[in-house]
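A.B. asks: One structure is given below, represented as structure tokens, and several questions about it will come after.
The values are calculated or read from the model by the stated rules, or taken from the named source; none is laboratory data. In this text, all values refer to a predicted model and were calculated from it rather than measured experimentally. Here Cβ is always computed from backbone atoms with ideal geometry, including for glycine, and neighbour counts include all displayed protein chains.
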Amino acid sequence: MTGGPQFEAIILAGGLAARLDGLDKPALKVGGVPMLVSVARAAAAAGAVRVIVVGPERGGDVGRGLLAAAAGTAGGLVTVRESPPAAGPVPALRCGLAGTSAPWVALLAGDLPFLTGDWLAALLSQAASAGRDGAVLADADGRPQWLAGCWRAGSLAAALAGYRGQSLGGLLGPLDPVPVTARAARPPWLDCDDAASLAAARAACPDGES
């Protein structure tokens, strides 16, 4: 998928997953595919020029899947780690953004099993056509999902430079993004933060489906 604004994808995939007993959450599978790989595939399908994963290096099925997903992008796959590790989403974003050069970035969680390239392309298109600094997916209740959005890289860097908090909402909300309501049987904003949401996602997408 090409023709939209040039962007790089920053996928945050280094949290502690406390509500999943410390499992490597992005590596867990939905529809037979590690969630982190699904997110990378969506970014590549939307036309990302590079996929940046903020988190530990991953081997096995996850590592191979990430390399395959990013193989069609101009810049390939880059893995970086915030310091200290698992310091939170704002430090992780700072780390990922430091290596970008595209005018736009997609900021994504690593546990969005139903995100697609079409949804990402829609976010980019709506933000750019509205002349706004970003666009985010909104859930069924209209709440913005801060780790499912696209942003002007320069505006994001400027906001980070003056921000001392730890909340993504506190950082991104003042940028006044376009909310994009996503109504779908498999909501693209759904993140699998706990055992219940993971089980629901797996029930909606049995192994072998994606």
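A.B. asks: Quick one: which residue in Leu147, Leu171 is in contact (Cβ under 8 Å) with a residue 40 or more places away in the chain, within 17 Å of the chain's Cα centre (by Cα) and either within 25 Å of Ala44 (Cα to Cα) or surrounded by fewer than 16 Cβ atoms within 10 Å (Cβ to Cβ) (or both)? Can you show your working first?
C.D. replies: Details: Leu171 fails: either within 25 Å of Ala44 (Cα to Cα) or surrounded by fewer than 16 Cβ atoms within 10 Å (Cβ to Cβ) (or both).
Result of the check over Leu147, Leu171: Leu147.
A.B. asks: Name the single residue, out of those in the stretch 65-116 being polar (S, T, N, Q) and in contact with an Asp or Glu (Cβ under 8 Å, 6 or more places away or on another chain), that is surrounded by the fewest Cβ atoms within 10 Å (Cβ to Cβ). Full working, then the answer.
C.D. replies: Initially, the stretch 65-116 is screened for residues polar (S, T, N, Q), giving 73, 79, 83, 100-101, 116.
The next check asks that each one be in contact with an Asp or Glu (Cβ under 8 Å, 6 or more places away or on another chain); those that pass are 79, 100-101.
Details: Thr79: 17, Thr100: 21, Ser101: 10.
Ranking the candidates gives Ser101 first.
A.B. asks: Follow-up question, since we're still on this one. So Gly131 clears everything in (1) of a type outside the set (Val, Ile, Thr); (2) on the phi < 0 side of the Ramachandran plot; (3) free of Cβ contacts under 8 Å to residues at least 40 places away in the same chain except one condition, right? Which one?
C.D. replies: (2)
A.B. asks: From the list Pro179, Pro206, Pro188, pick out the single residue that is farther than 24 Å from Ala87 by Cα and at pLDDT below 90.
C.D. replies: Details: Pro179 fails: at pLDDT below 90; Pro188 fails: at pLDDT below 90.
Just one listed residue meets the conditions, Pro206.
A.B. asks: Moving on to the next point. Check Gly169, Gly117, Gly154, Gly88 and return the single one that is more than 20 Å from Ile52 (Cβ to Cβ) and out of contact with any Pro (no Cβ under 6 Å at 6 or more places or on another chain).
C.D. replies: Values: Gly117 fails: more than 20 Å from Ile52 (Cβ to Cβ); Gly154 fails: more than 20 Å from Ile52 (Cβ to Cβ); Gly88 fails: more than 20 Å from Ile52 (Cβ to Cβ).
After ruling out the rest, the residue left standing is Gly169.
A.B. asks: Hey, among the residues in the stretch 117-135 that are among the aliphatic types (A, V, I, L, M) and buried (at least 20 other Cβ atoms within 10 Å of the Cβ), which one's nearest to Pro5 (Cα to Cα)?
C.D. replies: First, pick out the residues of the stretch 117-135 that are among the aliphatic types (A, V, I, L, M): 120-124, 127-128, 130, 135.
After this cut, where a residue has to be buried (at least 20 other Cβ atoms within 10 Å of the Cβ) as well, the list is 120-121, 123-124, 127, 135.
Numbers: Leu120: 11, Ala121: 9, Leu123: 11, Leu124: 7, Ala127: 10, Ala135: 13 Å.
Here the answer is Leu124.
A.B. asks: To continue, here is another question. Hey, any hits in the stretch 105-121 for a residue that's touching a residue at least 12 places away in the same chain (Cβ under 8 Å) and polar (S, T, N, Q)?
C.D. replies: Taking the stretch 105-121 as the starting set, the residues that turn out to be touching a residue at least 12 places away in the same chain (Cβ under 8 Å) are 105-121.
Those still in the list that are polar (S, T, N, Q) too: 116.
Yes, because at least one residue in the stretch 105-121 is touching a residue at least 12 places away in the same chain (Cβ under 8 Å) and polar (S, T, N, Q).
A.B. asks: Could you go through the stretch 184-204 and let me know if any residue there is over 28 Å from Ala27 (Cβ atoms) and either within 17 Å of the chain's Cα centre (by Cα) or among the polar types (S, T, N, Q) (or both).
C.D. replies: Of all residues in the stretch 184-204, those over 28 Å from Ala27 (Cβ atoms) come to none.
Taking every residue of the stretch 184-204 in turn, none turns out to be over 28 Å from Ala27 (Cβ atoms) and either within 17 Å of the chain's Cα centre (by Cα) or among the polar types (S, T, N, Q) (or both).
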